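Engineer: Dumping the structure here so I can ask a few things about it.
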Amino acid sequence: MTEPAFLAAVSTSYDTVADTYAERFPASRLGPLGHAMLRAFAEFVLADSKGPVADLGCGPGAVTAVLADHGLEVSGIDVSPRMIELARAAHPELPFSVGSITALDLPDGQLGGALAHFSTHHTPPEHLPAVFAEFHRTLAPGGHLLLGTHLGQDEHLRPAEAYGGHPVSYEWFLLPGERIAALIADAGLTIVARLDEPHPSGGTGRSVAYFLARKPI
């Protein structure tokens, strides 16, 4: 399968910013609502499906470690090799690998849970149905998805630099929450909870949302 062109920009950009990103975004930056959603996600997985969890777009692994602390069997996947290097160094007890949410190297129906924690907003909207289909494919019946994402009104941003002036070539695609909800439903997943809040870091001046969804049995 041919790799979508935008993935190279995302991978290269996050390789460039990875060290600064890891310093600026420890797990403590999630805030109380973000932590509450991760805890709820973990409790759903442990109660319902009990299978392994994949942190899809794990970055330097801080959130992966939070899930492990909640008792989940968790691994991390990220498109940036440098992010994976940092994750392995910081959390050697957890498995991490390089990969893309557009084509996950995971068997069908394996996961009790999938976390996409602010890892889909660099994906052009026309590629999102395939990404959400991958979430559905890899989840076991009864498995759960927690998606956290930035919201906007069909905004397309092209920043030239990020995280202290590092050059980047990725793009941002900020969709309304209703569009995200529709993508989740169209992929065959049932939304069981949604949380909207102002951006916890104040970085974009926009809002973020968490969607907790379940694959029907």
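The values are calculated or read from the model by the stated rules, or taken from the named source; none is laboratory data. The structure presented is a predicted model; accordingly, all values stated were derived computationally and were not measured. Don't worry about glycine lacking a Cβ; one is built from the backbone with ideal geometry, like all the others, and counts go over all protein chains shown. Side chains are part of the model used for accessible areas, which takes the heavy atoms of the whole protein and leaves out ligands, DNA and RNA. Shrake-Rupley method; radii C 1.70, N 1.55, O 1.52, S 1.80 Å.
Quick grid of which residues meet (1) of a type outside the set (D, E, K, R); (2) more than 22 Å from Tyr210 (Cβ to Cβ); (3) surrounded by 20 or more Cβ atoms within 10 Å (Cβ to Cβ):
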residue: Pro4; (1), (2), (3): yes, yes, no
residue: Ala8; (1), (2), (3): yes, yes, no
residue: Tyr21; (1), (2), (3): yes, no, yes
residue: Arg29; (1), (2), (3): no, no, no
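Engineer: Hey, another quick one. Only one of (1) touching a residue at least 60 places away in the same chain (Cβ under 8 Å); (2) open to solvent by 30 Å² or more (accessible area, probe 1.4 Å) is not met by Leu38, so which one is it?
Structural biologist: The one condition Leu38 does not meet is (2).
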